[in-house]
Amino acid sequence: MIKDRPNKFVDTIYECCDTGVRKEVFHIIYEDHELDGRVITIDGKKAVNFGSCSYLGLELDPRLKKGAIDAINRYGVHYSSSRAYSACPLYLEAEKLLSQIFDNNPVVIGGTTTLTHVGVLPVLLQENDHIILDQKVHGSVQLATQLLKARGAKVDMIRHNSMEMLEEKINENPNKYDQIWYMADGVYSMYGDFAPMDDLIYLLDKYENFHLYIDDAHGMSWTGKNGRGFVMGEGSLHPKIVLTTSLGKGFGVGGGVFVMSNEPMKRKIFTCGTSYTFSGPVQPPLLGGIVESAKIHLTGEIADLQDRLNKKIEYTHNISKQLDLPEVHSSGSPIFYFALGQPRVGYNMIKKLLNEGFYTNIGIFPTVPVNCTGLRIPVTLSQTDEDIKNVLEAFAYHFPKVLKEENVSIEQLCRSFKDDFTETKKRFFEVAAITKSTNTLSIQHETSIDNIDKDLWNQLLGEYGSFDRNGCKFIEETFKDNSEPEDNWDLNYVIIKDNEGKPVLATFFSVIISKDDMVSPEAVSQQIEEMRKNDKYYLTSKVVSMGSLITEGKHLFLDRENKSWKNAMLELIKIMAEVKHKTKSSAIQIRDINTDDTEIKEFLLNEGFVRFDLPDSHIVVNQNWKDEEDFIESLTKRSRKHVRRYMQKTQEMFKITFNDKLTEEETEEYYKLYLNIKRNSFRINTFDLPKKLFVNAINDENWDLLSMRMKEDNKLCCFILSYKSEYNNYSPMIIGMDYEYNTKYSCYRQGLFQIIKRVTEKGFRNIYLGMDASIEKQKLGATVNAKSIYIQADDNFSLETMSILKQNNN
């Protein structure tokens, strides 16, 4: 049996999409025996189809059908040979006609648009080229770029349609790369917005080594002379543009095509491109259909079809405007997108519209930001004006009802989409403002631990980690009034009680500047840190994150037996979202959730969060050991042998002291040892902790400083700073080490052993050993806790950039 091995990025995408499958929104199979282009049958019910991208409805044109049937009768259903050897003669006719559509530029047909990218890019680009991906460029283009990374091509990503960011990338290393390629879509598939072609042409003319590779799949046929698409429009093809497009949307058939002005390069791609040389060809029925569709495109009929569709686009926009719907990026394309915000709102709306007789599509992560779920409606000639009016009126009818049911406001949509939706708020005023709690929960939200009842806080959270009242106060005092912005944290405390005054939820969260690659693979962080040598804040964001960067333990108290726990979580998310808005943060992070907790995972996914696994954390529970021998005897036989051989016997080499009074010079020595560890570890990538933290901790009675020196030369080889909570929890928080001594004498391993001895001597109850070094910690009796972090962000840019960088390292 093939094992299902974990893959953080793939698992995250799978969870998001699988939720849609289970809610019967994705993987729908229609039940019709034949189609008319307008209506499909789902679960025995007829529904007008607003999920098709066949904008001109040509797939059912009798001429295309006849062309396909004719080709089958003449050449068979399938011709099984690579085009490198021989090909169906219809290829010649089809490519000749397509060339005429594209102003007599050279063209080559491929099996699909994806296969076209796979065939073109590895031949077109060279090892010393630089690829710059638009954030929203189609996934098929991103897939094809993976074939280039092993050959050394550099891949970057910029924010969507950011010409300023693009020009910065071009100018970063003007002479380092042979050619710089920007990869984008002509018409973007979710919001229906356009690439800024005038700006791109300007940059192509300005920079000699700058080129454009653009996928115009959603622009084909419905616009441009002879249906040549949005990119070429009524004009010619710029000599530094390579255009790819789909024959499977507006064109009405299937397959992909690339267009370029360079005939020798076209021949080279056709001869060497893997999907042309090794893949199966476009089959006779499709070639027959392509020929007939191309003929239509070369007559005045295509202009009539375009005119009819443009009238429908205008009609759709007018109805949307009359109904004051939350339309996103109104652009003039046949793709309309209406804001819904969170995934659960989208799922609710999709099901309601299906019950009304309309099949529609949801836009959801990863195709849009996690908090920008929406209704995607492509307008086609197969729909009637009445169909369009009816679906928009149904949306308008259900829109306020769905928001009320899901306790979401238009104001929240405005924040997620960065749009005012002014008219929408006026019409649907009853759901315009931030919704108030409809339950009887009592909420306390404070920005200082001084305003929280000490006993209650310690009872709910102090028992489960390093954040009792004193620990939180220490963080507040340490991370304020510092010179570097990343060293100033704003702490927030939340306690939520039910109508009987019983606590349901308690937690704290901090507003910090975080590295976007905090939980990315180490190789990714190493790559980004090289870029940060020139820009300290490259790929960083202000985030609202549960807990803090130096606390360890169970950061969320949640009474799951209380029937109000979900409402309490919604209130917490609402508070965090409000703080995010006020502080101009970009994401909310809820961390240290048990990875196997499927109920809360489902809840958070529905709220627009994306899950990532954290490194395992470790806890050792003191079993009232009398001494170190008693502790060793509590271990397994194998661990006992390991501890005695590598820890107990070797401890005589070290001079062990606790809570030494340090001079300023010695403090500097300790801090350098910390940086020695910090800057060589990328498992959880964060900013360096400030020296002020060390000074404060060393002088605070609630902290324990373990110092380890080699007896032979009195050299400081390792130290561990641990927090001691009022509930007898012991949390090693900060470690410094000399790698040379560690290699020779296993200082870190000895440090862990000395921590166990300290806990045994002082009678501490739980030891929170944190993340990493799992094998060594388990040998000391630690239990492993698999934890996850859930992130809700308004912009996928950082997540997508992380994935690109990860692919670069694979």
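The values are calculated or read from the model by the stated rules, or taken from the named source; none is laboratory data. Treat the numbers as computed from the prediction; the structure is a model and nothing was measured. Counting neighbours? That spans all protein chains shown, and the Cβs are built from the backbone with ideal geometry, glycine included. Areas reflect the complete protein model, heavy atoms only, side chains present, ligands, DNA and RNA absent. Shrake-Rupley method; radii C 1.70, N 1.55, O 1.52, S 1.80 Å.
Beta bridges from DSSP with both residues in the range 79-221: antiparallel share about 5 percent, rounded to the nearest 5.
Straight-line cross-link reach from Lys389 at under 16 Å between alpha-carbon atoms covers these lysines, not counting any fewer than eight positions away in the same chain: Lys311, Lys312, Lys321.
Each pair of Cα atoms in the range 1-131 enters the Kirkwood radius, and Stokes-Einstein at 20 °C and 1.002 mPa s then converts it into a translational diffusion coefficient of 107 µm²/s.
Of the two radii for the range 493-534, the radius of gyration is 1.38 times the Kirkwood radius, both from the alpha carbons; that is the Rg over Rh value. When Rg and Dmax are taken over the Cα atoms of the range 380-465, they come to 21.2, 67 Å. For the range 648-702, the solvent-accessible area of protein heavy atoms averages 58 Å² per residue (probe radius 1.4 Å; ligands and nucleic acids excluded). Expressed to the nearest 5 percent, the antiparallel share of DSSP beta bridges inside the chain is 75 percent. The shape of the range 173-231 can be summarised by an equivalent ellipsoid whose semi-axes, obtained from the alpha carbon gyration tensor, come to 25, 12, 9 Å from longest to shortest. When the alpha-carbon atoms of the range 277-339 are used, the pair Rg, Dmax equals 17.9, 53 angstrom. Ligands, DNA and RNA excluded, the heavy atoms of Ser275 present near 10 Å² of accessible surface to a 1.4 Å solvent probe. Considering the range 129-182, its Cα convex hull presents a mean projected area of 3.5 nm².
What per residue convex hull volume, in Å³, do the alpha-carbon atoms of the chain yield?
Spelled out: Cα convex hull of the chain, divided by residues, is 193 Å³.
The sum of -39500 (n - 2.57) across all DSSP H runs of n ≥ 4, divided by the residue count of the chain, sets its helix-only mean residue ellipticity at 222 nm to -12000 deg cm²/dmol.
Averaging the Cα positions of each part gives two centres, and for the range 496-512 and the range 420-482 these lie 7 Å apart. Ignoring lysines fewer than eight residues from Lys401 along the same chain, the ones with Cα atoms less than 17 angstrom from its Cα are Lys351, Lys352, Lys425, Lys426, Lys436.
When the range 152-302 is described by a simple charge dipole with +1 on each Lys and Arg Cβ and -1 on each Asp and Glu Cβ, the residue from Ala184, Thr271, Leu247 located farthest towards its positive end is Thr271. Relative to the Cα centre, the charge distribution of the chain, modelled as +1 at Lys and Arg Cβ and -1 at Asp and Glu Cβ, gives a dipole magnitude of about 1740 debye. Over the range 130-218, the hull volume per residue, using the convex hull of the C-alpha atoms, is 83 Å³. Between 0 and 90 degrees, rounded to the nearest ten: what's the tilt of helix 797-809 against the longest Cα principal axis of the chain? Approximately 90 degrees, to the nearest ten. The slack between Thr595 and Tyr538, meaning 0.36 nm per residue of separation minus the straight C-alpha distance, is 17.5 nm. In the range 706-739, whose amide N lies under 15 Å from the spot 7 Å out along Cα-to-Cβ of Leu675? List them in ranges. Within reach of a label on Leu675: 736-738.
How large a share of the accessible area of the range 96-172, in percent, is made up of carbon and sulfur atoms when the probe is 1.4 Å and the other protein chains stay in place? Heavy-atom surface of the range 96-172 belonging to carbon and sulfur, 1.4 Å probe: 49 percent. Take the range 254-397 with all the other protein chains still there, run a 1.4 Å probe, and you get 34 Å² of accessible area per residue. With contacts taken as Cα pairs under 8 Å at a separation of at least 6 residues, the chain carries a relative contact order of 13 percent. Once the Cα atoms of helix 163-172 and of the chain are each reduced to a long axis, what angle between those two axes, in degrees from 0 to 90 to the nearest 10, is obtained? Roughly 70 degrees between the two axes. For the range 663-792, the extents of the C-alpha atoms along the principal axes are 42, 39, 32 Å, listed from largest to smallest.
Of the accessible area of the range 569-710, computed with a 1.4 Å probe over protein heavy atoms only, carbon and sulfur atoms account for 46 percent.
Would you list, by chain and number, the aspartates and glutamates whose Cα falls below 16 Å from the Cα of Lys176, excluding same-chain residues fewer than 8 positions away? Straight-distance partners of Lys176: Glu127, Asp129, Asp156, Glu167, Glu168, Glu208. Highest mean packing first, where packing is the average number of other Cβ atoms within 10 Å per residue, the peptides 544-550, 689-695, 667-673 line up as 544-550, 689-695, 667-673.
In this rough spin-label picture, where each label sits 7 Å from Cα along the Cβ direction, the Val621-Asn128 distance is 6.3 nm. Seen against the Cα atoms of the chain and their longest principal axis, helix 197-206 is set at about 80 degrees.
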